[in-house]
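Following: one structure in structure tokens, then a few remarks.
The values are calculated or read from the model by the stated rules, or taken from the named source; none is laboratory data. Since the model is a prediction, treat every value here as computed from it, not as a measurement. Using ideal geometry, Cβ is built from the backbone for each residue, glycine included, and neighbour counts are taken over all protein chains shown.
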Amino acid sequence: MTAFWLLAPIMVVAALGVVLSRKAVHSALCLAVVMISLAMMYAMQDAPFLFAVQIIVYTGAIMMLFLFVLMLVGVDKTDSLVETIKGQRLVAIVLGLLFGGVLVTVVAQAFVGPVVGLGEANADGNVHGLAKLLFNRYVFAFEATSALLITAVLGAMVLAHRERLEPRRTQRDLALERMQRYAEHGEHPGNLPTPGVYARHNAVDVPALLPDGSTSEISTSKTLRDRGVVRDGAFAGDVSVTMRRLEADGPERGRVEPPPSTPARHDGEEDL
Amino acid sequence: MSAVSVQAIVGAAPSPIEAPDVDYATISPLLIILGAAVLGVLVEAFVPRAYRFVTQIAVAVVGVVAAFVATVVVGAGLDTVDGEVTGRGGPTAMGSLSVDGPAVVTWAMLLFFGLLGVLLFAERRLDGGLSAFTSQASTPPGSADERHATRLRIEHSEVFPLAMFALGGMMFFASANDLLGMFVALEVLSLPLYLMCGLARRRRLLSQEAAMKYFLLGAFSSAFFLYGIAMVYGYAGSFGLAEISTAVSSQIGGQNLLLAGMALILVGLLFKVAAVPFHAWTPDVYQGAPTPVTAFMAAGTKAAAFVAMLRIFFVAFGGARWDWAPAVWAIAIITMLFGAIASIAQTDVKRMLAYSSIAHAGFLLVGMAGLTSGDGVTSVSAVLFYLVAYGAAAIGAFAVVTLVRDAGGETTHLGRWAGLGKESPVLAVAFTIFLLSFAGIPLTGGFISKWSVFAAAWDGGAWPLVVVGVVASALALFFYIRVVVLLFFAPPQGDGPTVAVPSPLTWSVVAITVAVTIVLGVLPGPLLDLVQQAGAFVR
Amino acid sequence: MTVEPFIGLSALLFAIGAIGVLVRRNAIVVFMCVELMLNACNLSFVTFARAHGNLDGQVAAFFVMVVAAAEVVVGLAIIVSIFRTRRSASVDDASLLKL
């Protein structure tokens, strides 16, 4: 029983972790701990087949599916602690504790009779014994589970699969469309300018400089523009900032020659 | 602590596994329905879109009709078994299924509901030539993609195979002879229903929400059911209802396990039949689900779950009757009263029908508390009769709901139904007949069914339940009459309700259900004879 | 090796799962708690199978795993389809229907 008493506290703590952790990913990982520990409990209790299936199906497939969906939905979402129904949480916890108390104290003590053990049932091997039941006594239920699996596949297809309703647009179609737009609206058919062209440096948040020294709006991503984090691409802004910083640094740093105030070079002090 | 020995995994020369001996003819109705479902999936894969919807309807209808014929043949050929109670038929398919009188009657009933359900699913004239199901469930509601799919007249014809799977699960649930089979059957019937709930064409947000609520609460309740099974297995050492019955009557000790198991199984089943306090999902799901699905679900799930509940508690736990009967009494009383009182406050037709379905679960529980054997009306026969009458009226009522529409789809607000009697007298009269049947007015099926469950309960000594039942019926009657008055005498709001012109499919559903409701009220004899001859459950 | 500690542990896990279902608001976490309950059932099945000396309980646990796999697919499909619409997996945000 040593293994049991080692595993049981881990499982209870992990199960509490499923319920208590605010991030869904942590819950999922705690659940995986419970499931792997359960697999060991199965191995302890002469169920080697279930030991394997528990790890392969539950931990391997089902938990991974949960994690996939969590990734899809957004991992960093934490759960709201706001109660929608007043007192619901307290009532739920009290009821749950009562229920659990009854189960643990009454049910766990209720088993009477000798523990037979599986020595005889597993005489031909555990897998063989299971197969004997599965393909004989429980054959109808076994066949009925195929209905479940088909339903699951059908359901996933219905709810998640988006059928392509139109033929796929090829490169040629796209190019023609682009030229069409150019002909009709004068929209530039080529690539947009990349950020940083002719600018002081080529970070994505620095817009390209046009030949006349002004910045090109369209060279930075719309997301950055909307967020308002696009930096001034012109040299002058950066230079004056550097000048101020140098002046503020004090006399010993002041010995450094201040850079010329006109843009003579393309690499600024940050590149040094 | 014994380690897993290599011997236990590999084994020496194992004994051969015997091939199972299955009487395919006896379980053919079930196999035909599941076969039709699988065929439907293949149709989905291989038939061009233009013909798909029609092909699916044909597969489903032919499957249901063939299964019905097979059920009649199987039912006619059942042997009579004389035990302590008279029964017909017996376990088959290695003891997994019990094809006895009640099971065959339930199969026939479920197939009848299934046929009506398929006819409602197939209706395409109400919504501009499209079915009641969304064009593409994977597109967000209101998106351009959704409109595009609708414009291309794409439809989810997968609902037909899903309905067939649900129907097969219901039939399996009503005839399963061991708890393990019941658990699998419960899931086979539930999963397609969860999916179909979320597929409404109109008010998709509501529909998706209904699907999620139904799914989460359904999974929660089936976990309770499963834990109950585990406890009972711990008590009896077997899943077979017969073996459990033997263990219960021989009082082998460990009663606490049995009590906990019975309580948890009862919780799981009461959830499925929507009894108070496990009813909270019902109004939301009935309202949010596409109305044809609601109709099919209201009639079918209730029938399958009630028959399964009777089977578990009469066959397996019959020896412990005085342990579970008080709980059933209490739940019957609160369910009847709550259902009747809560429906009075409703302003939405679908929610009102949902609360009425809760109240009916209470009346059916009264029937469960009745006589188990005897010459008169037994619990089993009363409940079977009740389920037929209720199911027919419920499907009919929801069929009427699909027809009263405005620009945004169905108008389910009760106020908008005022003046329906002037707009479409036929429809209003049909709806009135269903309501009167729900209320249990004489000359409708509802009267005879209420009378039979009350008679069974009275003979079984459950007279307090009968008294509460009559009070609850009177309360409900008040409400139903109010709705009837609204339909015929209240001034219409604005232009009044508009009634869409359906295809013969929906008309035939309304006509059939009206006919069944009246025939069961006027000439209940044949069906009463049939359910009484079905006899008791055979284990 | 006695039976009681295993059944006690299974009851405890089941109760924790049930509390989780009632307390948590995130649909995916609620569903994980349901899975925890199913796992607790499986532990009972396997333990009782050993106690009774027959393999029926282990077969049951196997069936539960199959059923759980199918249920997870359906459940997560429903949750994902809702998420696509609302960008939220909270049970509370889905509250168009009356509580």
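Things to note:
- Among residues of region A:169-208, those that are in a helix (DSSP H, G or I), among the polar types (S, T, N, Q) and surrounded by 10 or more Cβ atoms within 10 Å (Cβ to Cβ), counted: 1
- Hey, C:VAL74 farther than 30 Å from B:ALA210 by Cα and in contact with a Phe, Trp or Tyr (Cβ under 7 Å, 6 or more places away or on another chain) or not: no
- For region B:213-221, the criterion of being among the polar types (S, T, N, Q), surrounded by 24 or more Cβ atoms within 10 Å (Cβ to Cβ), more than 7 Å from every other protein chain (Cβ to nearest Cβ) and within 22 Å of B:HIS279 (Cβ to Cβ) is satisfied by no residue at all.
- Conditions (1) more than 19 Å from B:PHE296 (Cα to Cα); (2) within 13 Å of chain A (Cβ to nearest Cβ); number of the one not met by B:PHE172: (1)
- Pick from region B:117-139, criterion of a type outside the set (A, V, I, L, M, F, W, C) and in contact (Cβ under 8 Å) with a residue 60 or more places away in the chain, ranking: farthest from the other protein chains (Cβ to nearest Cβ): B:ARG125
- Taken over region B:155-198, the criterion of being in contact (Cβ under 8 Å) with a residue 40 or more places away in the chain and aromatic (Phe, Trp, Tyr) is satisfied by B:PHE160, B:PHE165, B:PHE172, B:PHE173, B:PHE183.
- Counted residues, region B:88-116 - those being small (Gly, Ala, Ser), in a helix (DSSP H, G or I) and either touching a residue at least 60 places away in the same chain (Cβ under 8 Å) or within 14 Å of B:GLU155 (Cα to Cα) (or both): 3
- Boolean, A:ALA144 is outside any loop (DSSP other than H, G, I, E, B), more than 8 Å from chain C (Cβ to nearest Cβ) and in contact with a helix residue (DSSP H, G or I) (Cβ under 8 Å, 6 or more places away or on another chain): yes
- Residues satisfying the stated conditions in region A:90-121, i.e. facing another protein chain (nearest Cβ under 7 Å), surrounded by 15 or more Cβ atoms within 10 Å (Cβ to Cβ) and under 42 Å from the mean Cα position of the chain (by Cα): A:ALA92, A:GLY96, A:PHE99, A:GLY100, A:LEU103, A:VAL104, A:VAL107, A:ALA108
- Filter pass, B:ALA60 being assigned to a helix (DSSP H, G or I), at negative phi and touching a residue at least 24 places away in the same chain (Cβ under 8 Å): yes
- A:LEU149 assigned to a helix (DSSP H, G or I) and either buried (at least 19 other Cβ atoms within 10 Å of the Cβ) or at the interface with chain C (Cβ under 7 Å from one of its Cβ atoms) (or both): yes
- B:LEU78 passes every criterion in (1) within 24 Å of the chain's Cα centre (by Cα); (2) away from chain A (no Cβ under 14 Å); (3) modelled with pLDDT under 90; (4) surrounded by 20 or more Cβ atoms within 10 Å (Cβ to Cβ) apart from (1).
- Qualifying positions in region A:124-135 - without any contact (Cβ under 8 Å) to a residue 12 or more places away in the chain and over 27 Å from B:SER190 (Cβ atoms): A:ASP124, A:GLY125, A:HIS128, A:GLY129, A:ALA131, A:LYS132
- Of the helices (runs of 4 or more DSSP H) that lie entirely inside region C:1-95, those containing 2 or more residues that are at the interface with another protein chain (Cβ under 7 Å from one of its Cβ atoms) and closer than 22 Å to B:LEU189 by Cβ span C:27-52, C:56-86.
- Residues of region B:193-227 classified as of a type in the set (A, V, I, L, M, F, W, C), part of a helix (DSSP H, G or I) and within 21 Å of B:THR411 (Cα to Cα), total: 6
- Residue that is nearest to C:LEU9 (Cα to Cα) [pool: residues in region A:122-133 that are surrounded by 20 or more Cβ atoms within 10 Å (Cβ to Cβ) and more than 7 Å from chain B (Cβ to nearest Cβ)]: A:LEU130
- Residue match in region A:159-168 (condition: of a type outside the set (Lys, Arg), surrounded by 12 or more Cβ atoms within 10 Å (Cβ to Cβ), in contact with a Gly (Cβ under 8 Å, 6 or more places away or on another chain) and within 14 Å of chain C (Cβ to nearest Cβ)): yes
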